[in-house]
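Written out below as structure tokens is the structure these notes cover.
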Amino acid sequence: MSLGDWLFGLFGGMGLEGVVICIFLLFLIDALLFPTLPELFFVLALGQCPTVWFGGTLLLAAILAELIGIFTLYYVVKHIRVPERVSRIAEKYIDFLVVSDERIILVNRVAPMIPFLGAFIALIKSWRPKVCAFYITLGCILKYGVIALASGFFLNYLGSDEAQTVTLVFIFTIIIISVVASFVKKRRSGLE
């Protein structure tokens with residue numbers, strides 16, 4: 001049983017409020033500790049009540065959870081003694097990427113190359129936390145907004161079960177493309 005399944009089982013009996021809490025926790029864990037495939041669970045949650053209002057509520061929960069998770073990690077890294085060598089390695093890593101300023105957060109939505117984003121925000125001296133918060137929010141709106149729109153589109157033109165299946169295939173395709181793009185970029189940059 002995965003963490004997401006366990007959380008949905010734990011909060012599923014609470015109705016839509018439980019689904020929102022579950023999404024919040026999954027996105028928080030994803031931003032703070034380890035990947036939880038939040039795209040997949042976002043689609044599953046949206047399937048519980050495919051309305052604009054509920055989609056907006058899930059999107060707001062995702063944004064808040066990501067901001068809290070990322071900036072909690074930022075706070076921890078900022079307040080522990082990180083060796084200067086680690087900061088230099090983080091700076092060199094970011095310099096290898098397509099964009100080396102805060103805009104890479106948007107690229108990271110499609111091709112995830114920056115794990116533990118909060119730590120990088122704390123370590124990269126030229127990055128401004130407010131600008132990072134803006135790009136995190138914009139990235140959530142764009143990525144999960146597109147996912148919600150695609151889910152709604154498929155729901156309008158297909159039956160409920162087929163729409164969820166097609167949307168999940170769409171999400172897995174995005175995840176696979178993201179992993180391949182990340183791998184290719186790392187290989188080209190000599191980071192592997």
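For region 63-86: of the residues being β-branched (V, I, T) and part of a helix (DSSP H, G or I), which is surrounded by the most Cβ atoms within 10 Å (Cβ to Cβ)?
Once the filter is applied, the top-ranked residue is I70.
The set of residues in region 87-105 that are crowded, with 18+ Cβ neighbours inside 10 Å and among the charged types (D, E, K, R) contains only E102. In region 44-62, which residues are surrounded by fewer than 19 Cβ atoms within 10 Å (Cβ to Cβ) and of a type in the set (G, A, S)? Selection gives G47, G56.
For the condition of a type in the set (V, I, T), under 19 Å from I68 (Cβ atoms), modelled with pLDDT of 85 or more and touching a Cys at 6+ places or on another chain (Cβ under 8 Å), I136 does not qualify.
Taking region 95-140 as the range and being among the β-branched types (V, I, T) and farther than 19 Å from V180 by Cα as the test, the residues that pass are I121, I124, V131, I136, T137. Tallying residues that are free of Cβ contacts under 8 Å to residues at least 24 places away in the same chain and farther than 20 Å from K143 by Cα within region 92-121 yields 3.
Among the residues of region 87-142, the ones that are farther than 21 Å from L28 by Cα, of a type outside the set (G, A, S) and outside any helix (DSSP H, G or I) come to 9 in all. For N108, are the conditions met, namely being under 17 Å from L37 (Cα atoms) and either crowded, with 18+ Cβ neighbours inside 10 Å or at pLDDT below 70 (or both)? In short, yes. Within the span defined as region 48-55, every residue fails to be more than 15 Å from G145 (Cβ to Cβ), among the hydrophobic types (A, V, I, L, M, F, W, C) and touching a residue at least 40 places away in the same chain (Cβ under 8 Å).
The values are calculated or read from the model by the stated rules, or taken from the named source; none is laboratory data. All values derive from a computational prediction rather than experimental measurement. Note that each Cβ is placed from the backbone with ideal geometry, even for glycine, and that neighbours are counted across all protein chains shown.
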